[in-house]
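Participant: Below is a structure I'd like to ask you about.
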Amino acid sequence: MEQLKTIGRELAMGSQGGFGQSKEFLDLVKSIGESRSKAEEDRIVLSEIDILKRKLLEPDVPKRKMKEYIIRLVYIEMLGHDASFGYIHAVKMTHDDNLLLKRTGYLAVTLFLDEDHDLIILIVNTIQKDLRSDNYLVVCAALNAVCRLINEETIPAVLPQVVDLLNHGKEAVRKKAIMALHRFHRKSPSSVSHLVSNFRRKLCDSDPGVMGATLCPLFDLISEDVASYKDLVSSFVGILKQVTERKLPKSYDYHQMPAPFIQIKLLKIMALLSSGDKSASEMMYMVLGDLFRKCDSSTNIGNAILYECIRCISCIIPSPKLLEDAAEAISKFLKSDSHNLKYMGIDGLGRLIKISSDIAEQHQLAVIDCLEDPDDTLKRKTFELLYKMTKSSNVEVIVDRMIDYMISINDNHYKTEIASRCVELAEQFAPSNQWFIQIMNKVFEHAGDLVNIKVAHNLMRLIAEGFGEDDDDADNKLRLSAVESYLQIISEPKLPSLFLQVISWVLGEYGTADGKYSASYISGKLCDVADAYSSDETVKGYAVTALMKIYAFEIASGRKVDVLPECQSLIEELLASHSTDLQQRAYELQALLALDARAVESILPLDASCEDIEVDKDLSFLNGYIQQAIESGAQPYVSERERSGGMFETTDYHSQDHHEVTSHALRFEAYELPKPSVPSQASTTALVPVPEPSYYSEPHQPISTSSSVSERESSEIKLRLDGVKQKWGRPSYQSSTSASSSTPPQAANGTSTHSDGGGVASSSSSKPRSSYESKKPEIDPEKQRLAASLFGGSSSSRSDRKSSSGGGHKPAKGTANKAATVPKENPIPVPDLLDFDEPTGTSDVAATDPFKELEGLMESSSQDGGGSTDVMGLYSTDASAPVKTTTSVDSLLSELSDSSRGTYHQSQTTKGPNSKEALEKDALIRQMGVNPTSQNPTLFKDLLG
Amino acid sequence: RSEKRTQKALEGKMGIRFILMVNKQGQTRLAQYYEWLTLEQRRALEGEIVRKCLARNDQQCSFVEHRNYKIVYRRYASLFFMVGVDDDENELAILEFIHLLVETMDKHFGNVCELDIMFHLEKAHFMLEEMVMNGCIVETSKANILSPIQLMDKAH
């Protein structure tokens, strides 16, 4: 049978220039396949655009030909070029009676158009017609299009028909109709709110495919409103039970696993439904327990289900037995050689740690392995876990690690995320104010342009307000340490703008407060900042205002102010600045310098950034002035909104509610009769009642009060100080040292992959670097210390282990901590710890451009495909002109990473030359025009075995 | 307003955001997006993702984070299959979904290779249309996936 099929295919290729397509099309595909660079590909596509623009305009293009043109348009867009000139032809093709052409038309349209595209209106009618078709395949094609093209406004046009199709005789139609409703629900929940009962009903559809599809909308509905679907728990449990007992048709099996994708969806839904619900959770114990027993952890799909079970258990209220099962599954994942499974294990750990906090401890070494792994994905996942398990005892180690990593990466998206996590953890768990300031400095220094501006405001606020303890002394110390650290950092090149703003503000407020630094020293530094970042107006503004404060404090305290020459020239420069803001600040500063001490003190009182300023939003103090002006004949103020409001047509007010809808929406009901307009109301002076003008909320404020920043932000932004006070304070490192010496016996239990070494504690201290290179399976003492500082939090089990620790090395409290936190003199992100696999080599690979490398690969691939170069010649009509192709014709399945056998590691070794050889042979045979007499034996071993 | 918020929330958990097939030269062979991106956005996204995935070795995870997506990818001979998913997806399941897709294509084409997909781009898309709707996996039975395509073939 298979042979016949192959023969048929070869014949088809020979007879009609390939796979039933024209020579032109084959040539296009061929040349795209052969192109060796993006530039070459672009050239091909551009010339193709020219050709198609011409061809599409020709009269009477045959339909088959047109279908091919449409596919060529798809190619053009797929390769990144605009094919909008041909969209209309794809739209036209959806009208065709021929199913294949119609479906191709729909496909192209869904690929080309976004749901709000103007051309969609031309398709809605066709869709309506097709939904009524007798041919269920036409209905299916239309429903596919409905799921892609119908937007909120066109839903009513097709909704009744879609609802009718829910009871169609063909299961494929029912399934797609459900998904269309699902789409409507996503686009506009209110449009189908009266129809959601259909989703419940279709859960009991006789066809398992329809049932499986129905789980998608139900998942959405349940995640919005859990309470209304609690009654379905038993149904879902029942369905899952039936699935696992193989009650579904065999065609849903995947690698001997019954309907795994449906199982996973069910587990997701059950997790939602039973979250925090004891009785609902209990209903699931049985089936979840069964799954743990039944799932084959040697296959990927089995592990996928196991992982979903772990997720489910982390959401519900689990039984101790299930927790145990989940923990066991996780430890299997973590011990696996496959990075994928390790990743899932770390993720599972992060979920389970919420309900059983000591579970991470037994895996500490595995976790640290993952943290040290050169694989970025794994590393990030591990950071996520660390973030979840941070507490005041390990916050320093974790945040230090995070910051090192943050500095080492270039990906701004992730940098932002990890920076904000550092800030969050530091705010929540900081052991001391100094540490907090230090961490914030690092975050600002290395990711200052990425962090939210609120973080800066929070920091300034914190420095100004102190930590909420009524201890002025401590607050002053904090400020001084901030000032000192900023004075150190300030001269470093290229600091982020936001950080400079913080620095300037703090120096202005507190630079001279302690008396340690003179006004001229601080003002000199501020001038340097304004000078060095002369293109950044915000920073300059902050610097000038800071200068003003410094001088104000000097004047107020009765000292004589000597304005430094560089300050003087800065002021002069700013007086002529293009920025009115800077200009104003400079003028204010100049004016302030001329005032006496008493006046200055009331303008800029010392350390007053935290004082409340009463804001008179109505500016009532001006009422007298206004009254006077009006009495003397001035016009009353008309707000901008009122002024512009008068210009609208009166009818707009009449139907303001409809206004938005009518402007864009497609209307399906008849238009209402025009109403006679009312001209008298249309005059520009007519006052239309307007809701309270919104722009009063931002009162005019003198720009340079001492409180400019923190005051404005004070209403919305608050540092999370609640709960912090209790947590702060010196952590005791007692625990971490004891835990570090207690790691060896644990490792011997086999928690670590390198654990057979045994007595590490005694040998470790004398063996530094060389041991890594020899790749001895020993646990690095550094790693142990790290583990201890990460995991050695509060745990009951530690105390008894403490007694069993016969550790030879027991470093002093201070050093243990130092080493674990990776101190400053070691700025490269921990290269020494565990990089067994040639750290330099891997980083090189990562740095090189993959495309460049590929060019090398290409060459070799075209060489080793040397025997298989004439494939295209066979396919083309003109067999005498063989063409070279670089596109590989290897069977895709040949190198698949052996999913049925699970671990990738194995597959690496087992497969290789054998199947490759077989493939090459197969390809060769096919080129020679000989039909293989038997299926290539090695090809399908993985799949069908 | 609350409707808008629900809609946002719903679009936030699309499940599958896109499916890409890219060969090891970085050339796109099939692209299907389940949320609308402009041509420019697609081009940028594909370039970045392909660069990231091609730079990885076989021992590393088959998952890569990229912006707000997670990419699950798998290599078959010369072709990479890349699926962009939400943070909430089960990565291993997506990995197996890719394999199911390849098995399905293999069942239809027989010894499926890159050229099959290039010459029958629309058919590969039709299969995806049966398997994934609204970013959700809706059909996993190979017989059900292929039957409309076989019926269409027969009609011609």
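The values are calculated or read from the model by the stated rules, or taken from the named source; none is laboratory data. Worth saying up front: this structure is predicted, and the values here are computed from it rather than measured. Glycine gets a Cβ as well: all are built from the backbone with ideal geometry, and neighbour counts include every protein chain shown. Note: accessible area is taken over every heavy atom of the protein model, side chains too, but ligands, DNA and RNA are not part of it. Shrake-Rupley method; radii C 1.70, N 1.55, O 1.52, S 1.80 Å.
Participant: Kindly identify segment A:472-602 as rounded, prolate or oblate by the Cα gyration tensor criterion: order the square roots of the eigenvalues as a ≥ b ≥ c, call it rounded if a/c is under 1.5, otherwise compare a/b with b/c, prolate if a/b is larger, else oblate.
Facilitator: oblate
Participant: Rounded to whole Hz and in sequence order, give me ³J(HN,Hα) for segment A:615-624 from the Karplus expression 6.51 cos²θ - 1.76 cosθ + 1.60, θ = phi - 60°, writing x for Gly and Pro.
Facilitator: In residue order, the calculated couplings are 9, 8, 5, 7, 6, 5, 5, 8, 4, x Hz.
Participant: Still on this structure, please answer the following. May I ask you to evaluate 6.51 cos²θ - 1.76 cosθ + 1.60, the Karplus curve with θ = phi - 60°, for each residue of segment B:148-153 and list the ³J(HN,Hα) values in order in whole Hz, giving x for glycine and proline?
Facilitator: x, 5, 5, 5, 5, 4
Participant: With point charges of +1 on the Cβ of Lys and Arg and -1 on the Cβ of Asp and Glu, referenced to the Cα centre of segment A:472-602, which listed residue (A:I489, A:A556, A:T580) lies farthest in the positive direction of the dipole?
Facilitator: A:A556
Participant: Continuing with this model, one more query. When ranked by the protection proxy of mean other Cβ atoms within 10 Å per residue, highest first, what sequence do the peptides B:38-46, A:277-285 form?
Facilitator: Most protected by this proxy first, the peptides run A:277-285, B:38-46.
Participant: When you count, for each residue, the other Cβ atoms within 10 Å and take the mean per peptide, how do A:291-299, A:441-449 rank with the highest first? Present the calculation step by step, with values, prior to reporting the outcome.
Facilitator: Working: A:291-299: 17.0, A:441-449: 20.9.
Result, highest mean Cβ count within 10 Å first: A:441-449, A:291-299.
Participant: So if R0 is 22 Å, what FRET efficiency would A:E445 and A:T538 give, r being the distance between their Cβ atoms, rounded to the nearest 0.05?
Facilitator: Working: r = 18 Å, r/R0 = 0.81.
Calculated value: 0.80.
Participant: Work out the mean other chain Cβ neighbour count within 10 Å for the residues of A:371-379 and drop it here as an integer.
Facilitator: Average per residue, whole number: 4.
Participant: Another question about this same structure. What net charge do the residues around A:I330 carry, taking every other residue with its C-beta under 12 Å from that of A:I330, with Lys and Arg at +1 and Asp and Glu at -1?
Facilitator: Local net charge: +1.
Participant: Quick one: check the C-alpha center-to-center distance for segment A:363-404 versus segment A:199-230, whole angstrom.
Facilitator: Cα centres, segment A:363-404 to segment A:199-230: 38 Å.
Participant: Hey, any idea what Rg/Rh is for segment A:314-380, computing Rh the Kirkwood way over Cα pairs?
Facilitator: Rounded to two decimals, Rg/Rh equals 0.97.
Participant: Further question: With a 1.4 Å probe and all protein chains kept in place, how do A:E396, B:E48 rank by accessible area, largest first?
Facilitator: B:E48, A:E396
Participant: Considering the options A:Q256, A:L273, A:S228, tell which one lies farthest towards the positive end of the dipole of segment A:223-273, charges being +1 on Lys and Arg and -1 on Asp and Glu at the Cβ, about the Cα centre.
Facilitator: A:Q256
Participant: Quick one: what are the phi-derived ³J(HN,Hα) couplings along segment A:180-193, Karplus 6.51/-1.76/1.60 with θ = phi - 60°, whole Hz, x for glycine and proline?
Facilitator: So the Karplus estimates, Gly and Pro as x, are 5, 4, 4, 4, 4, 4, 5, 6, 7, x, 5, 5, 10, 4 Hz.
Participant: If amide hydrogens are placed 1.01 Å from N in the peptide plane, which non-local residues have theirs closer than 5 Å to the one on B:M133?
Facilitator: Answer set, sorted by chain and number: B:V138.
Participant: Let's see if you can work this out: charge +1 on each Lys and Arg Cβ, -1 on each Asp and Glu Cβ, no other charges. What is the dipole magnitude of segment A:92-173 about its Cα centre, in debye to the nearest 20?
Facilitator: Computed charge dipole of segment A:92-173: roughly 320 debye.
Participant: With each pseudo-label sitting 7 Å past Cα toward Cβ, what's the A:H413-A:V163 distance in nm, one decimal?
Facilitator: 4.0
Participant: Order A:D220, A:D514 by their accessible area, 1.4 angstrom probe, all chains in place, largest first.
Facilitator: Working: A:D220 5, A:D514 90 Å².
Highest to lowest solvent-accessible surface, that is A:D514, A:D220.
Participant: Determine the dipole magnitude for segment A:472-602: charges of +1 sit on the beta-carbon of Lys and Arg, -1 on that of Asp and Glu, nothing else is charged, the reference point is the Cα centre, and the result goes in debye to the nearest 20.
Facilitator: Here segment A:472-602 has a charge dipole of around 120 debye.
Participant: Below 14 angstrom from the Cβ of A:D231, what's the summed charge of the other residues (Lys, Arg +1; Asp, Glu -1)?
Facilitator: +1
Participant: Out of B:R56, B:R75, B:R17, any idea which swings most in a Gaussian network model of chain B, alpha carbons joined below 10 Å?
Facilitator: Among B:R56, B:R75, B:R17, the largest GNM mean-square fluctuation belongs to B:R56.
Participant: Can you pull the one-decimal nm distance between simple spin-label points at A:D618 and A:R641, each 7 Å off the Cα toward Cβ?
Facilitator: So the label points at A:D618 and A:R641 sit 1.7 nm apart.
Participant: Something else now. Given H placed 1.01 Å from N in the peptide plane, which residues other than close sequence neighbours of B:K24 have an amide H under 5 Å from its amide H?
Facilitator: Under 5 Å from the amide H of B:K24: B:F80.
Participant: Cβ under 12 Å from A:V243's Cβ, A:V243 left aside: what net charge do those residues give with Lys, Arg +1 and Asp, Glu -1?
Facilitator: +2
Participant: To continue, here is another question. Once amide H atoms are built 1.01 Å from N in the peptide plane, which residues 5 or more positions from B:R17, or in another chain, come under 5 Å H to H?
Facilitator: B:G84, B:V85, B:D86
Participant: I'd like the mean, over residues of B:50-56, of how many other protein chain beta carbons sit within 10 Å of each residue's own Cβ.
Facilitator: Numbers: counts 3, 3, 5, 1, 6, 9, 7.
Mean partner shielding for this stretch: 5.
Participant: Please list A:178-190, B:79-91 highest first by mean number of surrounding beta-carbon atoms within 10 Å per residue.
Facilitator: A:178-190, B:79-91
Participant: In whole angstrom, how far apart do the alpha carbon centroids of segment B:88-111 and segment A:615-641 sit?
Facilitator: 72
Participant: Too long at a 23 Å Cα-Cα cut-off: which of A:K67/A:K129; A:K247/A:K294; A:K23/A:K63; A:K129/B:K142?
Facilitator: Where the Cα-Cα span goes over 23 Å, the pairs concerned are A:K129/B:K142.
Participant: Same structure again: Using a 10 Å cut-off on Cβ to Cβ distances, tally the other chain neighbours for every residue of B:114-127 and report the average as a whole number.
Facilitator: For this peptide, the per-residue mean of nearby foreign Cβ atoms is 6.
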